[in-house]
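Beneath this line is the structure, given in structure tokens, with notes to follow.
Since every read-out is calculated from the coordinates, none of them should be taken as a lab result. Predicted, not measured: the structure shown is a model, and the values here were computed from it. We place every Cβ from the backbone using ideal geometry, glycine too, and count neighbours over all the protein chains shown.
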Amino acid sequence: MTEDFFHMTSHRPYLLRALVEWINDNQLTPHILVDAGVPGVQVPPSAVKDGRVVLNIAERAVVRLMIDNEMVSFSARFSGTSYPVQVPISAVLAVYARETGQGMALPDDIPGNETAPPSEELLHDEGAPPDDTPPASPPPKGRPNLRVVK
């Protein structure tokens, strides 16, 4: 099996949903740190400070919270005015509990895990001979490297 056939979706939305559930299960208040400069971020400009915004996504603070694989969306009040909020998953930098600060900075996607557009090679005829060229580089051997982010 070559790398052309092995593409996974982003792990970031799954981590985000799991951490929000964990924070909620502990009766704490989930907040997300967002890079407001990422295209597609829709938040009130008055809430942005130094290019970032912290959003309270507790069920009691928002309406219609949805966290899917591409976007975090909800409606919330800012200075007494209801505002629709949309945040691409790629713009979420961290999720944490307001009361304790416990949470996690979301890691960048692993190269090759993003959805790849279909290519001509993947659409070949079943009767066509397989491509015998080896993959560009073998997967790394040994223990994975983890980076601690504080």
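Order the peptides 78-87, 11-20 from the highest to the lowest mean number of other Cβ atoms within 10 Å of their residues.
Listed from highest to lowest mean packing, they are 11-20, 78-87.
Quick one: which residues, 5 or more positions from Ala36 or on another chain, have an amide H under 5 Å from its amide H? H modelled 1.01 Å from N in the peptide plane, none for Pro or chain starts.
Here Arg52, Val53 satisfy the definition.
Within the set of other residues whose C-beta is less than 15 Å from the C-beta of Asp35, count the net charge using Lys and Arg as +1 and Asp and Glu as -1.
Cβ neighbours under 15 Å give a net charge of 0.
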